[in-house]
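K.L.:
Before anything else, here's the structure in question.
Every number here is computed from the coordinates shown, using simple stated rules; none is lab data. The model shown is predicted, which means the values in this text are computed figures rather than measured ones. Backbone-built Cβ (ideal geometry, glycine too); neighbour counts: all protein chains shown.
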Amino acid sequence: MPIIGDNMVSVKRKNRSAALRLLQEEGSMSRKRLAEKLGLTPAAITKIAGEMLSEGLLREGDALPSGSAGRREILMELNPHSFCALGVLINLRQAILTALWLDSTVIFSEEISIPLSAPADETTEMLADRLLALITQHNLPQEKVIGLGIAVRGICSADGRTVIDSFGAFSEKRYPLCRRMEELTGYPAVMANNVRALFAAQMFLSHDPSVGAQFFLRCEYGIGASLSVNGQIWHGVSEQCAEIGHIPVIPRGGKPCSCGKSGCLQTISSPMAICEDARTAFSEEKTPLLWSRWKDRDLSALQPEDVLEAARNGDLGSCQIIDRAVNALASALKSVIYLFDPGKIILYGRLFENPYYLSRLLSEMREGVDTRHEVQIEKSAYNQQLEKRAAGLLAVDSFFRNGGEPLPGSN
Ligand SMILES: [Zn+2]
């Protein structure tokens, strides 16, 4: 670990960052309370609070009742509408363009379709043009925008500037998405993998003070995950922590996966895989219940909930598909419990809204895990609500981390 010191500028930035974080997490408080909580002198707090008040980042609120000294203390709070952040979230075939205030209130959000594996320049230009149009449409003053957060599927470079592999969102690999977005929009940008961005948003909003490890599992088109240790997301040596969806579960075989291998966990357990397997098995003999309901319908419209409903009612083929999907995912998560001993596993995705699926998964996960592990396994309190906020919150988080200074961008 490098041994480096702090100069006065970085100390001040760190103190401003800590004050912003505290006010964001705990709401308004007096200067005196802020100083006590941060372990700083009242003089230091008066100085940084004065600066941030004049910048508009903070505002004064109500006065506390007079204390014994007879001096009324004025509460200070974050001024959430002082600045806003832009966000671009890129999934497969879909992107979400957003703007939000510092408290994560959404100013605008628009979901748009993007072509599969198209040239990255074309997709990026289309997204940037539309984002700039939305900014104009919503009259967002340029000076209020702190920057742009980009959440993108696949593997990003360690410096957060390049998409190493978008697993099919763009046709090319090693695309400098962050720089291109900065050039096209004129705003400084920060970038992260989409699942990490969702997890960071979950942590930002939940204010969960728990230390130790937390594991965030997202199950949508594919299966992704992210691991935090003491509140910090662990990236891994090759920026691939925690690609749980690509654990090989079928040795030397299985269906091809978007990562280029075959037999990965997500080819069995993802919602998409459940539907694919049901379509393959679909017949009067193998899936009689599904057959009776879908024989005259377009099978491409089949949803995982339809397969789950058939399995819940005893449809043999559907039961086998769901058993296999649940067992493989539970097995991978049990490995996570034994490897990382997390305090919490957070489940995120549409499948977890299905009570039958969730109870099946939780009961399978309890099998073979000893009671000494104190892991809480729970559906995210923000399930399916983070997509509109995750990318923008990357920029807000970076802004707070930087003590309320503009994002550095490429310069
Ligand atoms: Zn894979």
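K.L.:
Calculate I(q)/I(0) for the stretch 245-371 by the Debye formula, one identical point scatterer on each C-alpha and no solvent, and give its log10 at q = 0.12, 0.18 Å⁻¹ to two decimals.
P.N.:
-0.48, -1.00
K.L.:
If you don't mind, another one. Less than 16 Å apart at the alpha-carbon level, and either on another chain or at least 8 residues along: which aspartates and glutamates does that give for LYS286?
P.N.:
In chain and number order, the partners are GLU276, ASP277, ASP306, GLU309, ASP315, ASP323.
K.L.:
Determine the sum of side-chain charges near ALA281: Lys and Arg each +1, Asp and Glu each -1, restricted to other residues whose C-beta is under 12 angstrom from that of ALA281.
P.N.:
Values: positive: ARG279, LYS286, ARG324; negative: GLU276, ASP277, GLU284, GLU285, ASP315.
My count for the surroundings of ALA281 gives -2.
K.L.:
Quick check on my link table: of LYS12/LYS37; LYS14/LYS47; LYS344/LYS379; LYS14/LYS37; LYS173/LYS261; LYS173/LYS255, which ones sit more than 18 Å apart, alpha carbon to alpha carbon?
P.N.:
On the way: LYS12/LYS37 16 Å; LYS14/LYS47 14 Å; LYS344/LYS379 10 Å; LYS14/LYS37 14 Å; LYS173/LYS261 16 Å; LYS173/LYS255 23 Å.
LYS173/LYS255, as the Cα separations exceed 18 Å there.
K.L.:
If packing is taken as the average count of other Cβ atoms within 10 Å, what order do 135-142, 72-79 fall into, highest mean first? If you can, show how the numbers build up before the last one.
P.N.:
Values: 135-142: 11.1, 72-79: 17.6.
Answer by packing, highest mean first, reads 72-79, 135-142.
K.L.:
Please build a GNM for the chain, connecting alpha carbons under 10 Å apart, and tell me which residue among CYS319, CYS264, CYS219 fluctuates the most.
P.N.:
Highest fluctuation of the listed residues: CYS319.
K.L.:
Another one. Let me have the relative contact order for the stretch 1-126, percent, based on Cα pairs under 8 Å that are six or more residues apart.
P.N.:
Working: 152 pairs, mean separation 19.6, N = 126.
Computed over the stretch 1-126, the figure is 16 percent.
K.L.:
Looking only at the chain, where both bridge partners belong to it, what percent of the DSSP beta bridges are antiparallel (to the nearest 5)?
P.N.:
Working: 35 of 57 bridges.
Of the beta bridges lying entirely in the chain, close to 60 percent run antiparallel.
K.L.:
Which GluC sites (Glu not before Pro) from the stretch 301-377 combine a DSSP loop assignment with at most 16 other Cβ atoms within 10 Å?
P.N.:
On the way: sites: GLU305, GLU309, GLU353, GLU364, GLU367, GLU374; in loops: GLU367, GLU374.
Passing both the DSSP loop test and the Cβ count: GLU367, GLU374.
K.L.:
May I pose another question? Take the Cα atoms of the chain, build their convex hull, and give its volume per residue in Å³.
P.N.:
Details: hull volume 75.4 nm³, N = 411.
That works out to 183 Å³ per residue.
K.L.:
Let me ask you something else. How high is the relative contact order of the stretch 8-78, given as a whole-number percent (alpha carbon pairs under 8 Å, six or more residues apart)?
P.N.:
Numbers: 72 pairs, mean separation 24.0, N = 71.
Averaging sequence separation for qualifying contacts and normalising by length gives 34 percent for the stretch 8-78.
K.L.:
Give me the net charge of ARG33's neighbourhood, meaning all other residues with Cβ under 13 Å from the Cβ of ARG33; Lys, Arg count +1, Asp, Glu -1. Provide the component values of the computation, followed by the final result.
P.N.:
Working: positive: ARG31, LYS32, LYS37; negative: GLU26, GLU36, GLU73, GLU77.
Net charge around ARG33: -1.
K.L.:
Taking only Cα atoms and a 10 Å spring cutoff, compute GNM fluctuations for the chain and point out the largest among TYR187, TYR356, TYR348.
P.N.:
Checking each option, the largest mean-square fluctuation is seen for TYR356.
K.L.:
Right, another one. At 222 nm, what value in deg cm²/dmol follows for the chain if DSSP H runs of at least 4 each add -39500 (n - 2.57) and the sum is divided by all its residues, to the nearest 500?
P.N.:
Numbers: 13 runs with 160 residues, N = 411.
Here the helix-only value at 222 nm equals -12000 deg cm²/dmol.
K.L.:
What is the Cα centroid distance between the stretch 37-58 and the stretch 276-307, reported in whole angstrom?
P.N.:
62 Å
K.L.:
Which value, in debye to the nearest 20, gives the size of the charge dipole of the stretch 47-123 about its Cα centre, when Lys and Arg are +1 and Asp and Glu are -1 at the Cβ?
P.N.:
280 debye
K.L.:
Give the Rg (one decimal place) followed by the Dmax (whole number) of the stretch 8-78, computed from C-alpha coordinates and expressed in Å.
P.N.:
Considering the stretch 8-78 through its Cα atoms, Rg and Dmax are 11.8, 37 Å.
K.L.:
Dipole of the stretch 8-78 (Lys/Arg Cβ +1, Asp/Glu Cβ -1, origin at the Cα centre): which of GLY39, MET8, GLY50 lies farthest to the positive side?
P.N.:
So the residue we want is MET8.
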